[in-house]
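Student: Once you've had a glance at the structure underneath, I'll fire off some questions.
Only the coordinates and a few stated rules stand behind these numbers; no lab work does. All figures in this text were calculated on a predicted structure; none of them were measured in a lab. Don't worry about glycine lacking a Cβ; one is built from the backbone with ideal geometry, like all the others, and counts go over all protein chains shown.
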């Protein structure tokens, strides 16, 4: 199984005000379409890592994405096992640990996943596709994602 660990803000949305607090647009159809290209070319499934998961379950996030043109499949959300230690607005600090734990739990090898996020990871840097908050996902990042996930489907 190939997996895309997906943040929303700064990946599928664009930052409109660096804040504090940061402000983002809603989900952008053009950015969701770029995500679709990654998923269709690699056969990857999506695991939600965004802080939006604290407000919506996986099924609701699937519907929300579909309303913006998403054609992929959400298979779950990262566990928030550290979230009880912090305000959910600070959950990004623990995101890479939650991703690593999800991958171990579901036996997903490092070579079989990427992390789409606008926050620079420390321990998952080799698997991260780093977007710019004000820009979001780009065609160049799509190509980088496909290369990192290996052979196209």
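Student: Going by C-beta contacts inside 10 Å, put 42, 49 in order with the fewest on the left. Walk me through the numbers before you get to the answer.
Tutor: Numbers: 42 22, 49 26.
Sorted ascending by nearby Cβ count, the order is 42, 49.
Student: Can you sort 13, 68 by how many other beta carbons sit within 10 Å, fewest first? Before the final figure, lay out each step's value.
Tutor: On the way: 13 23, 68 16.
The most exposed by this proxy come first: 68, 13.
Student: Would you mind calculating the gained length between residue 105 and residue 73 on full extension (0.36 nm times residue separation, minus the Cα-Cα distance), in nm to one decimal? Show your work: numbers first, answer last.
Tutor: Numbers: separation 32, 0.36 × 32 = 11.52 nm, distance 1.92 nm.
The residue 105-residue 73 span can extend by a further 9.6 nm.
Student: Multiply the residue gap between residue 30 and residue 140 by 0.36 nm, knock off their C-alpha separation, and tell me the result in nm, one decimal place.
Tutor: Numbers: separation 110, 0.36 × 110 = 39.60 nm, distance 1.40 nm.
Fully extending the segment from residue 30 to residue 140 adds 38.2 nm.
Student: Using r as the Cβ-Cβ distance of residue 55 and residue 97, and R0 as 30 Å, what FRET efficiency do you calculate, to the nearest 0.05? Write out the running numbers ahead of the final one.
Tutor: Numbers: r = 21 Å, r/R0 = 0.70.
The calculated FRET efficiency here is 0.90.
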